[in-house]
Structure formats: C-alpha cells, structure tokens
Amino acid sequence: MTPKAYDPENIFAKILRGEIPCNKVFEDEHALAFHDINPQAPVHVLVIPKGDYVSMDDFTASAPEELIVGFFRAVGEVARGLNLVDPGYRLLANSGADAHQEVAHLHVHIFAGRRLGPMLVRPD
Ligand code: AMP
C-alpha cells in the first residue's frame, strides 16, 4: 500500500539528495529526470518533482502552484529534449495500490521508442 506520510528514505528521495546515483537526463529547480533502471520500452524515463510528495494525489492536493507548473513543464521539456514529440510518447503515473505504485515519491514515466500498443494490458 502506498503510505500517506512521505518517507524520506524512499529511493527517489535518496537520488534527489545525491546519495545514490542515477542516469540523469534533465534537471532544473523543479524536477529531476533519469532513465528507469528496469526499462519497459526503448525509452523509459522517470520525472520526479523536487519536493516531498508521495503520489499524484498528494502532489496535486498539497504542492504550491509554482512547483506543479514547473514539474509539468519539465515533463514536456524532457520529452522534447529526447525528440519524442514527433514519434510520440506515453505518460504514466501510478498512484496507490490498485495502480501498483512501488516507489512512494511521485514520478511520471515517459515511455517511447516503439509502437506502444493499446493503453492497458488486459487480464486474461
Ligand atoms: P512505479 O511502479 O510506478 O512506482 O515505478 C517505479 C519505477 O522505479 C520502476 O519502473 C522501477 O524500475 C524504477 N526504479 C526503481 N529504483 C530505481 C532506481 N534506483 N533508478 C531508476 N529507476 C528505478
């Protein structure tokens, strides 16, 4: 279950503090983007806000507007910087248990680099 309180020892908090490395693709005052360690597509990048937010729910309810705007601008900038606009890309933000959120620091996945197929894998 995704905890309601922010755990400062989560792995993305450690990446933000520079305690563990990441394969960085973008950073500004609002966001950090890095390659996913277990890529699910030829391009699989994670974008995280610079702030203590567990999930999309927490972020959109509690973050200051400047950070919300800056974060979403960063997501777009990362995609443009990776030349993904023309071929296209998919964004995904898992929030909570049913979505299988594993890391309790808000992150948006950017998937690209091949035809990604239908939106969800359907259960058998
Ligand atoms: P989610 O299931 O939406 O919470 O996604 C968590 C993602 O974080 C997964 O795709 C993991 O492969 C990725 N991940 C976990 N640890 C790291 C890490 N140290 N560096 C980069 N990506 C990571």
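The values are calculated or read from the model by the stated rules, or taken from the named source; none is laboratory data. Computed from a predicted model, the values in this text were never measured in an experiment. Positions of Cβ are backbone-derived with ideal geometry, glycine not excepted, and every protein chain shown enters the neighbour counts. Please note that ligands, DNA and RNA were not included when accessible areas were found on the heavy atoms of the full protein model with its side chains. Shrake-Rupley method; radii C 1.70, N 1.55, O 1.52, S 1.80 Å.
General observations
- Protection proxy ranking, highest mean first, for peptides 34-47, 101-114: 101-114, 34-47, where packing is the per-residue count of other beta-carbon atoms within 10 Å, averaged.
- Calculated FRET efficiency, Arg115 to Asp28, Cβ-Cβ distance, R0 = 35 Å: about 0.70 to the nearest 0.05.
- Of all lysines in the structure, the ones whose alpha carbon falls short of 20 Å from that of Lys24, not counting any fewer than 8 places away in one chain, are Lys14, Lys50.
- Both numbers refer to the Cα atoms of segment 76-124; Rg and Dmax are 12.8, 37 Å.
- Sorting the segments 16-22, 115-121, 65-71 by their residues' average number of neighbouring beta-carbon atoms within 10 angstrom, most packed first, yields 65-71, 16-22, 115-121.
- Extents of segment 11-112, largest first, come to 34, 29, 27 Å (Cα atoms, principal axes, whole angstrom).
- Two-site FRET efficiency, Lys4 against Thr60, from Cβ-Cβ distance with R₀ of 22 Å, rounded to 0.05: 0.90
- The residues of the chain have, on average, 63 Å² of accessible surface per residue, using a 1.4 Å probe with all protein chains present.
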